[in-house]
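> Input: one structure, supplied below.
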Amino acid sequence: MAASVAMETDDAGNRLRFQLELEFVQCLANPNYLNFLAQRGYFKDKAFVNYLKYLLYWKEPEYAKYLKYPQCLHMLELLQYEHFRKELVNAQCAKFIDEQQILHWQHYSRKRMRLQQALAEQQQHNNASGK
Amino acid sequence: MAASSSGEKEKERPGGGSGAAGGNSTRERLLSALEDLEVLSRYSHRETFLDHPVELIEMLAISRNQKLLQSGEENQVLELLIHRDGEFQELMKLALNQGKIHHEMQVLEKEVEKRDSDIQQLQKQLKEAEQILATAVYQAKEKLKSIEKARKGAVSSEEIIKYAHRISASNAVCAPLTWVPGDPRRPYPTDLEMRSGLLGQMNNPSTNGVNGHLPGDALAAGRLPDVLAPQYPWQSNDMAVNMLPPNHSSDFVLEPPGHNKENEDDVEVMSTDSSSSSSDSD
């Protein structure tokens, strides 16, 4: 389908393809979706694997700036390895990745909370010593 | 004669070997001449009017005083002696010349050695200089390479800041501060978002009821709006026309996987909220 819309001379077609590929590559950030694809056997299709390789162009800065979910690039890199693709058939693998992703996602907010706590404690300490 | 002959012996010089009749070195010729002289001078006349055999010298002395007739033999010996002496003198001169030449040769050799060592010293210094220069050039080249590399990868800081704003504002890379387990938001596009995006709508042109409340209709049936309104977090905002993806799509045959096979009733498809029940069918 994506191939059929790629018309080199058609501007609108190219823009559509751009948007489609943008959406698709970001969907790869979803480990559950990856598990879904693996279980449906898409990763065994040579054409699909080639497509994944082709999608690596999103790593260039001119394209990457359109990505809302940059984690997808890391997943895309991992997907280049056959071992990873095979592992994704397991649901536990997908779940593990999901958990790690969410934990990492919370990294900055946790850090910020810790800093706020530290700041609050220090202020308390100052107040206590002031009094 | 004996004294002088021993004195002569001390003046032997190791001269150059070439150029003599018979190929003898000057030294050997001198020695042989000396021997001859010695032999001749010790030639003693057996039969004399005296009681004991006398040497030629004595004979000469006597004969000069007494003016005796000398026999032919002594004459011959005398002539030989004189001849030999002449040769000897000449050889001595030759030896002296050769000595001078040899001395000069030694002086020149020393000079040559000195120049040689100078040249070697210069060579060492040149080699050192060359090494230092080569190192300097190499490092300069490396620096240039890294400058080039940095210049190639230069991104405007404003763009980076804008991008950072964009991905942070939507909580795409940093969890919202009020996030608790159970919150449906995720660092990746969720089920719902995917289905209501362009891909999801591609093959469900007429089924508006799939994601009823979501405004995916405008993108349905593959119609491209004139202005791509940024409806979903990952849909691009200000896309330039020339920023089109490299067109290799003829290299592979492809169908957008997954979405066209989804329907709401398919619980097998990933659902981020429920506990993931692995589909055992595959």
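Just so it is clear, none of the values below were taken in a lab; they were calculated from the coordinates. In this text the structure is predicted, and so the values were computed from the model without any measurement. A quick note on method: Cβ atoms are made from the backbone with ideal geometry, for glycine too, and the neighbour counts reach across all protein chains shown.
> Taking the Cα atoms of the range A:1-130, report the difference between the largest and smallest coordinate on each principal axis, in whole Å and largest first.
74, 38, 18
> Given the Cα atoms of the range B:71-111, and with Rh set as the inverse mean 1/r over their pairs in the Kirkwood sense, what is Rg to Rh to two decimals? Could the numbers behind the result be given before it?
Values: Rg = 17.7 Å, Rh = 12.3 Å.
Result for the range B:71-111 is an Rg/Rh of 1.43.
> Here's something else I'd like to know. Can you tell which of A:Gln101, A:Phe36, A:Gln122 lies farthest toward the positive end of the dipole of chain A, using +1 and -1 charges on the Cβ of basic and acidic side chains (Lys, Arg; Asp, Glu)?
Sorting the options by dipole projection puts first A:Gln122.
> Could I ask something else about it? Please report A:Tyr51, B:Tyr163 as a ranked list, fewest other C-beta atoms within 10 angstrom at the top and most at the bottom.
Values: A:Tyr51 22, B:Tyr163 18.
Neighbour counts put them in this order, fewest first: B:Tyr163, A:Tyr51.
> Could you list B:Glu35, B:Glu58 in order of exposure, starting from the residue whose Cβ has the fewest other Cβ atoms within 10 Å?
On the way: B:Glu35 12, B:Glu58 15.
Taking fewest neighbouring Cβ atoms as first place, the list is B:Glu35, B:Glu58.
> Among residues other than A:Pro61 whose Cβ falls under 15 Å from its Cβ, what is the net charge (Lys/Arg +1, Asp/Glu -1)? Write out the running numbers ahead of the final one.
Values: positive: A:Lys59, A:Lys65, B:Lys149, B:Arg151, B:Lys152, B:Lys162, B:Arg166; negative: A:Glu60, A:Glu62, B:Glu158, B:Glu159.
Once all neighbours under 15 Å are counted, the net charge is +3.
> In whole Hz and in residue order, list the ³J(HN,Hα) couplings for the range A:82-95 that follow from phi through the Karplus curve 6.51 cos²θ - 1.76 cosθ + 1.60, θ = phi - 60°; x for Gly and Pro.
Per residue, the Karplus-derived 3J(HN,Hα) values read 5, 4, 5, 4, 5, 4, 5, 5, 6, 6, 5, 4, 4, 5 Hz.
> Moving on to the next point. Past 32 Å, Cα to Cα: identify those pairs from B:Lys100/B:Lys127; A:Lys68/B:Lys152; A:Lys59/A:Lys111; A:Lys44/A:Lys111; A:Lys53/B:Lys152; A:Lys46/A:Lys68, in the order given.
Numbers: B:Lys100/B:Lys127 41 Å; A:Lys68/B:Lys152 24 Å; A:Lys59/A:Lys111 28 Å; A:Lys44/A:Lys111 41 Å; A:Lys53/B:Lys152 24 Å; A:Lys46/A:Lys68 28 Å.
From B:Lys100/B:Lys127; A:Lys68/B:Lys152; A:Lys59/A:Lys111; A:Lys44/A:Lys111; A:Lys53/B:Lys152; A:Lys46/A:Lys68, over 32 Å: B:Lys100/B:Lys127; A:Lys44/A:Lys111.
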